[in-house]
Amino acid sequence: MSLRHYLSSFRAPVDDSVLLEVAPQPEDRLFWPAFLLTVGGSLAAATSFDVDPADVEEYADNLHQPASWPFVTVPLARGHRLHVLFRNFEGDAGWDYLLHPAGSDSVITLAALEGGFHGPGLNWPELLAVADQADPAWTREERLLLLLPAVGDADLAHDAEELIATAFTTVGGRPDHRHEVAGELLTASRRFWGSPTWVEYQNHRICSNEHSPRNLAAPPSRHALMAEAFGYDG
């Protein structure tokens with residue numbers, strides 16, 4: 001597994017026994033409020049589902065225990081994959097968005113929230129394109145919410161909040177809280193990445209944020225890989 005190579009890169013290598021894959025479970029009503037609260041950055045998420053907020057807090061705490069590093073896998077175009085990893089490394093905890101190229105044993109850090117701070121990894125049109133890709137496990141709305149924290153873009157669509165609000169209700173969020181949570185999720189993204197711009201350069205999208213793996217200094221092969229994986233050709 002490519003994540004094993006990633007774990008071995010830590011100064012104190014992490015044993016791969018900590019890895020725990022999280023798959024969508026219809027009966028699991030706590031994953032989304034916990035994910036949107038912690039990774040997504042919406043404080044209102046804990047009280048915006050029909051579950052006990054104390055249970056959400058406990059569930060979130062369990063996702064962030066050093067003895068276990070949960071991760072979510074999202075399939076991308078051409079056999080590439082994206083792992084959203086809870087990096088529960090003591091003293092350097094956070095969340096990593098790791099692109100796993102097809103046929104490779106290594107991963108590329110697309111975005112790192114907290115700790116090694118790195119990103120953003122996607123722009124808004126690419127988020128929509130990735131959300132629309134076929135996935136036997138996660139729905140379009142779930143993919144949208146899973147990848148949103150890795151998005152940084154000064155040029156959001158005019159209906160961005162409405163789109164996120166709809167995705168929120170689709171995963172079980174209360175309709176009367178939809179705009180509050182959607183607003184917090186988009187605000188959290190700006191808090192991490194600011195408002196970077198994206199420009200076309202040599203047929204690829206380049207991010208103005210110097211901490212992005214897709215900045216001007218990145219190798220052309222990486223830009224080409226990202227374009228292929230995200231499948232956006234607009």
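The values are calculated or read from the model by the stated rules, or taken from the named source; none is laboratory data. Predicted model, so just to flag it, every value in this text is computed and none were measured. Methodologically, a virtual Cβ is constructed for each residue, glycine included, from the backbone with ideal geometry; neighbour enumeration extends over all protein chains shown.
Listed values, structure above:
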quantity: Set 191, 143: member being touching a strand residue (DSSP E or B) at 6+ places or on another chain (Cβ under 9 Å), closer than 23 Å to residue 113 by Cβ and of a type outside the set (Gly, Ala, Ser); calculated: 143
quantity: Residues within region 183-208 that are closer than 23 Å to residue 224 by Cα and assigned to a helix (DSSP H, G or I), tallied; calculated: 1
quantity: Failed criterion for residue 137 (all others in (1) closer than 23 Å to residue 218 by Cβ; (2) in contact with a Pro (Cβ under 8 Å, 6 or more places away or on another chain) hold); calculated: (1)
quantity: Hits in region 76-103 - residues which are surrounded by fewer than 18 Cβ atoms within 10 Å (Cβ to Cβ) and touching a helix residue (DSSP H, G or I) at 6+ places or on another chain (Cβ under 7 Å); calculated: 77, 78, 102
quantity: Failed item in (1) over 21 Å from the mean Cα position of the chain (by Cα); (2) within 23 Å of residue 111 (Cβ to Cβ); (3) surrounded by fewer than 16 Cβ atoms within 10 Å (Cβ to Cβ), with residue 52 passing the rest; calculated: (2)
quantity: Residue tally, condition under 20 Å from residue 90 (Cα atoms) and in a loop (DSSP other than H, G, I, E, B), over region 1-45; calculated: 9
quantity: Meets criteria (modelled with pLDDT of 95 or more, in contact with a strand residue (DSSP E or B) (Cβ under 6 Å, 6 or more places away or on another chain) and of a type in the set (Phe, Trp, Tyr)) for residue 35; calculated: no
quantity: Tabulated pairs, region 166-182, first within 18 Å of residue 38 (Cα to Cα) and part of a helix (DSSP H, G or I), second β-branched (Val, Ile, Thr) and at pLDDT 95 or above, C-beta under 6 angstrom, 6+ apart or interchain; calculated: 168/181; 178/169; 182/164
quantity: Region 131-163, subset free of Cβ contacts under 8 Å to residues at least 40 places away in the same chain, over 15 Å from the mean Cα position of the chain (by Cα) and surrounded by 16 or more Cβ atoms within 10 Å (Cβ to Cβ), residue nearest to residue 194 (Cα to Cα); calculated: 156
quantity: Tally of residues being surrounded by fewer than 18 Cβ atoms within 10 Å (Cβ to Cβ), in contact with a helix residue (DSSP H, G or I) (Cβ under 7 Å, 6 or more places away or on another chain) and part of a helix (DSSP H, G or I) across region 209-234; calculated: 1
quantity: Output for region 164-178, where each listed residue is out of contact with any strand residue (DSSP E or B) (no Cβ under 9 Å at 6 or more places or on another chain) and either within 28 Å of residue 207 (Cα to Cα) or buried (at least 19 other Cβ atoms within 10 Å of the Cβ) (or both); calculated: 164, 166, 168, 178
quantity: Checking residue 203 against (1) more than 26 Å from residue 117 (Cα to Cα); (2) surrounded by fewer than 19 Cβ atoms within 10 Å (Cβ to Cβ); (3) touching a residue at least 40 places away in the same chain (Cβ under 8 Å), the condition it does not meet; calculated: (3)
quantity: Test: residue in region 58-66 that is among the hydrophobic types (A, V, I, L, M, F, W, C), within 21 Å of residue 177 (Cβ to Cβ), surrounded by 17 or more Cβ atoms within 10 Å (Cβ to Cβ) and touching a residue at least 60 places away in the same chain (Cβ under 8 Å); calculated: no
